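Reviewing the structure listed below.
The values are calculated or read from the model by the stated rules, or taken from the named source; none is laboratory data. On a predicted model such as this, the values are computed, not experimentally measured, just so you know. Glycine gets a Cβ as well: all are built from the backbone with ideal geometry, and neighbour counts include every protein chain shown.
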Amino acid sequence: MTADLDSARATLEAARNHLLSLQSEQGYWKGELETNVTMDAEDLFVRQFLGILTEEEKAGSAAWIRSQQRSDGTWANFYNGPADLSTSLEAYVALRLAGDSPEEPHMSKAAAYIRDAGGLERSRVFTRLWMALFGLWPWQELPALPPEVIFLPSWFPLNIYDFACWARQTIVALTIVAAHRPIRPLSFGIEELRSGLPPERPKPLWTIDGAFQLLDRMLHGWERLARRPRIRASVRRAAIERAERWIIERQEADGCWGGIQPPWVYSLMALQLQGYGLEHPIMKKGIAGLEGFTIEQDGLRRFEACQSPVWDTGLAVVALCDSGGDLSDEPVARAVRWLTGEEVKVKGDWAVRRRKLEPSGWAFEFANDNYPDLDDTAEIILAFRKAGVVPTAGEPAPAGFHESAAAAARARRWVEGMVSSDGGWGAFDADNTRELCTRLPFCDFGAVIDPPSADVTAHVVEMLARELKLETAAHPFDRAETEELVAGGLAWLSDAQEKDGSWFGRWGANYVYGTGAAVPALVEAGVPADDPRITRAVRWLQAHQNEDGGFGEDLLSYVDTNWAGRGASTASQTAWALLALVAAGEAGSETARRAAGWLADTQRPDGGWDEPWFTGTGFPGDFYINYHLYRLVFPVSALGRYVAALEEVEAR
């Protein structure tokens, strides 16, 4: 079914009203950030390690973990995804910790899968590290993580700043944990999860992987040496103390580290091993902060790996403005005021490579001043401009929004200064591209570097291109420099376009997301609709529309490109495709009308959409996210632009 203008307007109005109903009194939006059960299992593990796990917490988390188990006894990393060995193993051990017997049917089925999939012996390094904390895996059989890495200068290969911010914070904390090699035994073993497989054979020394395995063996030799009294009292102590200070300096106002689970839990364990008691202010704040990431409902207890209120609010403002709103609407004005107060004003780790750059920007979470990101910042500047925070000649900013205008200007300068040397933008750092980091033996899970990506670069290019159109006497900037940055970003995006016309999506699933970001950016930057880059992208979208009119892409596309653009239709992915089509001048096409029709046909009575599928990406191939607000903000944006485009055609 296709959507005529009246149908699209009605769908948009219902969705917009639903979005408005979800705004907090303070002005922000925050949808749940759903991941997989490793977060819940590890929440139990860290509480057990710290000695704070309660029976109520065990029961609630175990109930949630059981509710996510499939009929074959396994757990996946995303909805309808394939079974995952490490996720299933961690879930199983968490249930054992909660009191489930290995003889129970759901447990015996899980154990059988784990053994058949390679058992504990073939689980990822981080899973085996959790087991080592409880004496279920030998520390000496884990890759070495010496704390002395903290001494490597920022120009030296494999220093901590070569790693992405999320990996960097995790690694520093883990070096302290690994130096202590703690064992806090549980009342049970997990022999039933062993497959009996021998260790994997070392790679040939002449290969990169073989060379890094040799390096790991050398570092294990250093570990044995570092445990000798004299060295332990000098070099190792100095390294651990520096790492400890580094961790403490990066605790955020809400008690977290980086606003994400991995560095948070490992930092708490590291500090406890360093003698920080549970009543120490740092520990109390860190543990208390965990409660804010916990959702308890109907006897189920689940843990969010992260929270996204700043990102959600920026997207919501864009959506409301795309559907006709601006600063004259109190919800939009309230959101802009809240976002203005969230501007980052201190230097974080990004300044290691951009020392002279003045701080600004926005982070993803409520409290994460050390790690603002380019994606949030670009989107929020766009949100401000769409809302009407646009200086005009003779007036510095709309009445009451002078600080908002100043924040947007500061943030734009920060974004411009964070461009990487290849002309693209990464998420958190500039030139975080040293791929040697990915070959280290302990890096078998998740992205550990933060190179420029098509989606982030597209959002930045779209924002900067719009800024060029807003230049006035009251809004001056170096036009030539910004034009050069936009040209560099366009060149980067052109090089990154796939042969089939799509773009890879780093932070959203996947080629539909990348394409939905890149096409509007190119058009905003002045690329005409008949340019081959645009027409190839449109053809790709047309070829990948589902029979029902929607768009979808399974997360399997990250490991098998045969799945690119293929999957069950979802509201968020259909909206991404529609955004690209409208930007390309295709609002009146059959493809766009069918996409809008799918949104109209599948809308719930409350104005929202059901979307159990995960369409957000944490680590391609490893960790995925279901942003519960994506299914609403992106359809509102897409339908708003679609309706406006059709109305413009109708008015001619």
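Just the residues that are within 13 Å of D375 (Cβ to Cβ) and part of a loop (DSSP other than H, G, I, E, B), please, taken from the stretch 502-513. Even if it seems obvious, please write down each step before you answer.
Just the residues of the stretch 502-513 that are within 13 Å of D375 (Cβ to Cβ), to begin with: 505-508, 513.
Selection gives G505, R506, W507.
Among the residues that make up the stretch 267-279, is at least one of them of a type in the set (A, V, I, L, M), closer than 30 Å to R66 by Cα and under 19 Å from the mean Cα position of the chain (by Cα)? No: zero hits. Where helices (runs of 4 or more DSSP H) fall entirely within the stretch 1-94, those with at least 3 residues that are modelled with pLDDT of 95 or more, surrounded by 17 or more Cβ atoms within 10 Å (Cβ to Cβ) and not assigned by TED's automatic domain parsing to the domain that holds Q603 are at 38-50, 55-67.
Taking the criterion of being of a type in the set (A, V, I, L, M) and without any contact (Cβ under 8 Å) to a residue 40 or more places away in the chain, the residues of the stretch 191-214 that qualify are L205, A211, L214. Which condition number does D298 fail, the rest of (1) farther than 30 Å from A179 by Cβ; (2) modelled with pLDDT of 95 or more being met? Checking D298 against (1) farther than 30 Å from A179 by Cβ; (2) modelled with pLDDT of 95 or more, the one that fails is (2).
Go over the candidates S234, S267 one by one and state the one that is within 19 Å of G292 (Cβ to Cβ) and either free of Cβ contacts under 8 Å to residues at least 40 places away in the same chain or buried (at least 19 other Cβ atoms within 10 Å of the Cβ) (or both).
Values: S234 fails: within 19 Å of G292 (Cβ to Cβ).
So the residue among S234, S267 that is within 19 Å of G292 (Cβ to Cβ) and either free of Cβ contacts under 8 Å to residues at least 40 places away in the same chain or buried (at least 19 other Cβ atoms within 10 Å of the Cβ) (or both) is S267.
Looking at the structure I just gave you, is A651 modelled with pLDDT under 95 and under 24 Å from G324 (Cβ atoms)? In short, yes.
Just the residues that are among the small types (G, A, S) and either outside the structural domain of E379 (by TED's automatic domain parsing) or surrounded by 22 or more Cβ atoms within 10 Å (Cβ to Cβ) (or both), please, taken from the stretch 334-359. Walk me through it before giving the result.
Let us first name the residues in the stretch 334-359 that are among the small types (G, A, S), namely 335, 341, 348, 351.
Passing the criteria: only A335.
Determine whether the stretch 109-118 contains at least one residue that is over 26 Å from R184 (Cα atoms), outside the structural domain of V318 (by TED's automatic domain parsing) and among the acidic types (D, E). Within the stretch 109-118, one or more residues are over 26 Å from R184 (Cα atoms), outside the structural domain of V318 (by TED's automatic domain parsing) and among the acidic types (D, E).
Only a single criterion out of (1) without any contact (Cβ under 8 Å) to a residue 24 or more places away in the chain; (2) outside the structural domain of D560 (by TED's automatic domain parsing); (3) surrounded by fewer than 16 Cβ atoms within 10 Å (Cβ to Cβ) is not satisfied by R128, namely (3). None of I248, I260, I240 is under 18 Å from L33 (Cβ atoms) and of a type outside the set (S, T, Y) except I260.
The combined condition, being at pLDDT 95 or above, small (G, A, S), farther than 30 Å from L215 by Cβ and in a loop (DSSP other than H, G, I, E, B), is not fulfilled by G516. Beta carbons closer than 9 Å, at least 6 apart along the sequence or on distinct chains, pair a first residue in the stretch 1-28 that is acidic (D, E) with a second that is outside any helix (DSSP H, G or I) for E13/S323; E13/G607.
Residue under question is L193, and the condition is that it be crowded, with 18+ Cβ neighbours inside 10 Å, in contact with a Gly (Cβ under 7 Å, 6 or more places away or on another chain) and assigned by TED's automatic domain parsing to the domain that holds M131; does it hold? So L193 passes the test.
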